[in-house]
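Notes follow once the structure below has been shown.
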Amino acid sequence: MRGISLEADGQPDKSAPRAARFPSAGAVVNSALVDTDTYDVIIIGGSLAGSATATLLLREHPHLRVCIAERAPSFTRRVGEATVEISGYFLGRVLGLSHHLNEAHLVKQGMRFWFANAETQTLADASEIGPQYHVRLPSWQLDRSVVDEKSLEQAVDLGAELRRPAQVREATLAAGGEQVVRVTEAGAEKLLRGRWIVDASGVAALLARQEGWFQANTAHPTAAAWARWRGVKDWDGRTLGTKFPDWSARCVGSRNTATNHIVGDGWWSWWIPLKGGDVSVGVVFDQRLVRFPQGEAKLGDRIRDFLSGHPVAAELLAEAEWVEGDVHWRKNLAYTSRQFAGDGFALVGDAAAFLDPLYSPGLDGVAFTVTATTQLIAAHFRGEPVEEALAQHNARFTRSYARWFEAVYKDKYEYIGDYELMGLGFYMDLGLYYLGVVSQPFKFGEKALALPPFIDKESVPVFHLMRSYNRRLARMAQVRRERGVFGRANSNHHFLVPSFSLDRSDVPRIVKAAARWLLLEVKEGWRSWFRDGESGAVNEARPGATTLAAAEQTLPQATPSV
């Protein structure tokens, strides 16, 4: 497999000579003229996925020569700031960062959703979904620039060699043989050779793009714009509590340290507080359904303009300012790789796949891919054959991605802005996540994280259940929209409930939610039972929705780093 020179966005550097970009097409690189270092494992990228891989490998095999090549001299803030229960378990119990998480970050208090319609005039009028009290299992709101450095420091303390800043220019794979990575350090080119390469390059997805494995999820064309803000009002503060006393008294727990979701038709926004007072605010939308503000205004101002149409967001941002230089855009968020590992290479975290920011699954993906990958590599260095394990690894993660998408995210944005429909979907999503996914490491330990969701026969009925209600809710949303009743309960309704636990006594709550779904089918779902078209399918963009091409012309492009 030939290597390709990559720029910061993970795409081939077309300014480089062809012989440099495609060594097999020109002169063969004379490695004798380039400094060369040899390792057992070379990890591309030193943020959480890469450093966690090094940490787990060195714990089991402290003699391994592990190199981490990280491009950035220091980490900056990035998305992936909210953990959920699986990623919280991985960071706290597996990586052992609990003390750091509690000292340097914020304890998260679940997820909340805020809805509005034409009747919603103020924050107090908005319909709300969320926990009544504090949540039962630990998770955190992270400043990634801080936690990534801490995790990397831990890996180095265990013996990993850090090359930083080191820009990866080329990776050449040889199944079953020696892998080669060409890097630039301090203006000089160097070759790193190793038995294994682990791609932890994030959304740059270096190996997947280079080898032609990268596959955009065109059935889920979402995009996002985000920034960090200063001066966002405190959900639990005196200002809002005095202005809306009944609203404030309604919730016993903390709203401010939750991931608050302010939602609309075809879009949602995250509101994640960071240690020190800044707030990460981002808008995620289905490009088939939503027109994002265009024009010459700065992206931060366009984010404000978009959100200000929602009374809750308008209240929270009334005195806030976005941080200059910390405003971002990314299109076509969902993708996967056709291959996750081979004899000598593996992909972890966002370098392997990404689904959607909703429900914060990104760091769960880090937990699953890193755990499974380190088990593979550790087995190799124990002298065990890995051919069968590699085939199983690829099959599992391919199946998990496809089923997780079908069960949870496919056409979710059709009904995300309807309080009744999203409330029902969210409640069942969360309950089944606790029952079938979160429970596993707490029962069986960290080894359970080597098995991603929906890969075994036992999970098939749950997969079909989740896919069914997700599709039906999407279809009912389409019919509601046609009837002019979409979001009819988005004002002055409240669904505040106890958080889920790992106790099976919570199963009746999920059963009751399923019964509510079936009752809704009888009340109104019948309108779409015999209509043409697949349940939940989106056939065309709504009138006024911008095309992808138009959006690309007016919005800045992301520059993911390797």
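Descriptive notes on the structure:
- The set of residues in region 419-447 being among the small types (Gly, Ala, Ser) and under 20 Å from the mean Cα position of the chain (by Cα) consists of Gly425, Gly431, Gly436.
- Unmet requirement for Thr369, which otherwise passes all of (1) under 15 Å from Arg471 (Cα atoms); (2) under 21 Å from the mean Cα position of the chain (by Cα): (1)
- Qualifying positions in region 488-521 - aliphatic (A, V, I, L, M) and under 17 Å from Gly425 (Cα atoms): Ala489, Leu496, Val497, Val507, Ile510, Val511, Ala513, Ala514, Ala515, Leu518, Leu519, Leu520
- Which listed residue, of Ala318, Ala346, Ala372, is touching a His at 6+ places or on another chain (Cβ under 9 Å) and not in a helix (DSSP H, G or I): Ala346
- Per-region count, region 405-427, residues in a helix (DSSP H, G or I) and under 18 Å from Glu524 (Cβ atoms): 8
- Remark: Leu152 matches the filter, which requires a residue to be assigned by TED's automatic domain parsing to the domain that holds Thr83, buried (at least 18 other Cβ atoms within 10 Å of the Cβ), modelled with pLDDT of 95 or more and not small (Gly, Ala, Ser).
- Some residue of region 345-361 being in contact (Cβ under 8 Å) with a residue 24 or more places away in the chain, under 30 Å from Ala391 (Cβ atoms), surrounded by 22 or more Cβ atoms within 10 Å (Cβ to Cβ) and in contact with a Pro (Cβ under 8 Å, 6 or more places away or on another chain): yes
- Only residues that are in contact with a Ser or Thr (Cβ under 9 Å, 6 or more places away or on another chain), of a type in the set (D, E, K, R) and not in a strand (DSSP E or B) were counted in region 213-242, giving 2.
- Selection from region 61-105 of residues that are acidic (Asp, Glu), over 30 Å from Val180 (Cα atoms) and in contact (Cβ under 8 Å) with a residue 60 or more places away in the chain: Glu81, Glu85
- Of everything in region 160-212 that is among the small types (Gly, Ala, Ser) and in a strand (DSSP E or B), the residue that is farthest from Leu390 (Cα to Cα) is Ala188.
- Verdict on Phe292 being assigned to a loop (DSSP other than H, G, I, E, B) and touching a residue at least 24 places away in the same chain (Cβ under 8 Å): yes
- Scanning region 448-461 for residues that are of a type outside the set (Gly, Ala, Ser) and either free of Cβ contacts under 8 Å to residues at least 60 places away in the same chain or not in a helix (DSSP H, G or I) (or both) yields Leu451, Pro452, Pro453, Phe454, Ile455, Asp456, Lys457, Glu458, Val460, Pro461.
- Pro441 being part of a loop (DSSP other than H, G, I, E, B) and either outside the structural domain of Ile129 (by TED's automatic domain parsing) or of a type outside the set (Phe, Trp, Tyr) (or both): no
- Residue in region 486-495 that is under 28 Å from the mean Cα position of the chain (by Cα) and farther than 20 Å from Glu128 by Cβ present: no
- Residue within region 80-103 that is buried (at least 18 other Cβ atoms within 10 Å of the Cβ) and within 24 Å of Gln167 (Cα to Cα) present: yes
- When restricted to residues that are in contact with a Ser or Thr (Cβ under 6 Å, 6 or more places away or on another chain) and crowded, with 21+ Cβ neighbours inside 10 Å, region 181-199 contains 1.
- Once region 475-502 is narrowed to residues that are touching a Ser or Thr at 6+ places or on another chain (Cβ under 7 Å) and crowded, with 21+ Cβ neighbours inside 10 Å, the residue that is farthest from Phe115 (Cα to Cα) is Arg475.
- Of Ala391, Ala402, Ala334, all but one fail to be in contact with a Phe, Trp or Tyr (Cβ under 8 Å, 6 or more places away or on another chain) and modelled with pLDDT of 95 or more; the exception is Ala334.
- Test result for Glu388, over 30 Å from Arg255 (Cβ atoms), surrounded by fewer than 22 Cβ atoms within 10 Å (Cβ to Cβ) and of a type in the set (D, E, K, R): yes
- Scanning region 174-196 for residues that are free of Cβ contacts under 8 Å to residues at least 40 places away in the same chain and touching a Phe, Trp or Tyr at 6+ places or on another chain (Cβ under 7 Å) yields a total of 0.
- Those residues of region 392-437 which are β-branched (Val, Ile, Thr) and crowded, with 21+ Cβ neighbours inside 10 Å, in sequence order: Val408, Ile416, Val437
The values are calculated or read from the model by the stated rules, or taken from the named source; none is laboratory data. All values reported here derive from a predicted model rather than from experimental measurement. As a convention, Cβ positions derive from the backbone with ideal geometry for all residues, glycine included, and neighbour counts pool all protein chains shown.
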